[in-house]
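Asks: I'd like to ask you about the structure that follows.
The values are calculated or read from the model by the stated rules, or taken from the named source; none is laboratory data. As the structure is a prediction and not an experimental result, all values here were calculated from the model. Virtual Cβ from ideal backbone geometry, glycine too; neighbours counted across all protein chains shown. To get the accessible areas, we keep the full protein, side chains included, count just its heavy atoms, and leave off ligands, DNA and RNA. Shrake-Rupley method; radii C 1.70, N 1.55, O 1.52, S 1.80 Å.
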Amino acid sequence: MANFQEIINAEKPVLIDFSAEWCGPCKMMPPILKELKDNMGDQLTILKIDIDKNPAVANAYKIQSVPTLMLFKNGETKWRQSGVMQARPLKQVIEKFI
């Protein structure tokens, strides 16, 4: 995760999906995120982070439940929500920051 800061400092919005292998609802997110990526293309970077494999990042952003979605742009947290979210409302949130 050495280049994590580099990634979130991008001008292009970066959606982080904080998840864990043992999390049932987290398993629902990959097809939703794929649909989102298919709809948004290069306007958005999507990154999945396993909180068990990256505890320092999870602690730094106070991730207490998974899945937690966070949107970064220019290194700033623009939006955050815990729980599964469908592609269409997620796209509407992200479009506000493009």
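Asks: Say we look at region 1-27 and pick out the residues that are at pLDDT 95 or above and open to solvent by 100 Å² or more (accessible area, probe 1.4 Å); which of these is nearest to Q86 (Cα to Cα)?
Replies: Looking at the filtered set, the residue picked out is K27.
Asks: A further question on this structure: What are the residues in region 1-40 that are outside any loop (DSSP other than H, G, I, E, B) and touching a helix residue (DSSP H, G or I) at 6+ places or on another chain (Cβ under 7 Å), if any?
Replies: Answer for region 1-40, where residues must be outside any loop (DSSP other than H, G, I, E, B) and touching a helix residue (DSSP H, G or I) at 6+ places or on another chain (Cβ under 7 Å): F4, V14, L15, D17, F18, S19, I32, E35, L36, N39, M40.
Asks: Mind checking which pairs have a first residue in region 50-72 that is free of Cβ contacts under 8 Å to residues at least 40 places away in the same chain and a second that is assigned to a strand (DSSP E or B) and open to solvent by less than 30 Å² (accessible area, probe 1.4 Å), Cβ under 8 Å, 6 or more apart or different chains?
Replies: From residues that are free of Cβ contacts under 8 Å to residues at least 40 places away in the same chain, the pairs are D50/S19; I51/F18; I51/S19.
Asks: In addition: Among all residue pairs at least 6 apart or on different chains, which show Cβ distances below 6 Å where the first residue, located in region 4-22, is over 17 Å from I94 (Cβ atoms) and the second is surrounded by 21 or more Cβ atoms within 10 Å (Cβ to Cβ) and not hydrophobic (A, V, I, L, M, F, W, C)?
Replies: S19/P67
Asks: For the list (1) touching a residue at least 12 places away in the same chain (Cβ under 8 Å); (2) touching a strand residue (DSSP E or B) at 6+ places or on another chain (Cβ under 8 Å), I need the number of the one condition that K37 fails.
Replies: (1)
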